[in-house]
1. Straight-line reach from Lys143: which aspartates and glutamates have Cα under 19 Å away, leaving out those fewer than 8 places along the same chain?
2. Cα extents of the chain along the three principal axes, largest first, in whole Å?
3. Which of the three applies to segment 170-217, rounded, prolate or oblate, going by the alpha-carbon gyration tensor with a ≥ b ≥ c and a/c under 1.5 meaning rounded?
4. Tally up the carbon and sulfur contribution to the accessible surface of segment 67-125 as a whole percent, 1.4 Å probe, everything protein left in place.
5. Of the listed peptides 154-166, 194-206, what is their order by residue-averaged count of other C-beta atoms within 10 Å, with the highest listed first?
6. Report the rotationally averaged projected area of segment 115-232 based on its alpha-carbon convex hull, in square nanometres.
7. Tilt of helix 212-224 relative to the longest C-alpha principal axis of the chain, in degrees (0 to 90, nearest 10)?
8. Relative contact order for the chain: what percent, with Cα pairs under 8 Å and sequence separation of 6 or more?
Amino acid sequence: MEKILITGASGQLGIVLTKALQKKYGVENVIASDISKSSNHEGVFEILNVTNYEAVDNCISRHKITQVYHLVAILSAKGEANPLNTWGINMNTLFNVFEASRLNGVKKVFYPSSIAVFGEDIEYINTPQSPNLTPLTVYGMSKAAGENWANYYYKKYGLDIRSVRYPGVIGYQSLPGGGTTDYAVSIFHSAVKNEDFNCFLESSTTLPMIFMDDAIRATLELMDAPKENIKVRTSYNLAGMSFNPKQIYDSIKKINPNFKISYTPDFRQEIANSWPKSIDDSQARKDWGWQPKYNLDTMSKEMMENLKEYYNLVSV
Ligand code: SER
């Protein structure tokens, strides 16, 4: 029987992944944890400060955890406000989870990486699996280092850590915090509320993105794949779709023709410029059968319908 621990369960991915894991393994077998509880959580929740090794070790051993999904991190934009603090939190939490998992005999660990690992000197279109990683942000540097630590723990200790480089994740169930791709979620909230949207990136800034359903399914499929299929022990490139702010605006306008957008690029523009425009995820497709289901228009439809319901707006 599996016992699951999720760290960072109150975050954008954590809220949705917790529900998916509860459905798969049973509510009582999933321990959601974070430094504060989100009102969305049902089931077992623990306040857990992952920077505290003893607390992590205690939680894993007390619950006899068999799988950990380690989602705690400070993201790309927010992380730049205090670089050393971001590095400390992102790396210390990783060491605490990897080390406590190893010592307590955890069977599998999921570690999310990001398109933020890429930086200057890459091919921006169809960025390959293994280019030089020269990230511009502390978040990106911590993820690039974390991927190598994942590989190290696998090679040295046999800890079965699996990882994907998520593109910007877009979902209606939760809000992102502190990322460079966050505009692609907030734009939908403005659109359903009939508010004008001011975008912090230029209209032509193409970035790789993925719909939440696809991101969650990728995570579960990777974790379910037979061990011998997992050839990449740093982190897999993962693609959903690619678009720029103008294209997502046009897609939303097909549903809400009155929607208006303006552009005021800020410091996040430079971060976005250093990231891929599209991702070559052929290795993930080959090794564990990855296949995204959503494109820009099917995602926009789902986002608008679900957010309308959330805000209690009846669609016309
Ligand atoms: N969505 C993240 C960010 O923008 C990328 O992993 O920071």
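1. Of all the aspartates and glutamates, those that pass the test against Lys143 - Cα under 19 Å, at least 8 places apart if same chain - are Glu80, Glu99, Glu120, Asp121, Asp160, Asp182, Glu270, Asp280, Asp281.
2. If we take the Cα atoms of the chain, the spans are 56, 45, 39 Å.
3. oblate
4. Reported share for carbon and sulfur atoms: 54 percent.
5. Result, highest mean Cβ count within 10 Å first: 154-166, 194-206.
6. Here the figure is 8.9 nm², rounded to one decimal.
7. 20 degrees
8. With pairs under 8 Å counted, the relative contact order is 18 percent.
The values are calculated or read from the model by the stated rules, or taken from the named source; none is laboratory data. Everything quoted here is computed from the prediction, not taken from an experiment. Neighbour counts run over all protein chains shown; Cβ positions are idealised from the backbone, glycine included. For accessibility, only protein heavy atoms count, side chains too; no ligands or nucleic acids. Shrake-Rupley method; radii C 1.70, N 1.55, O 1.52, S 1.80 Å.
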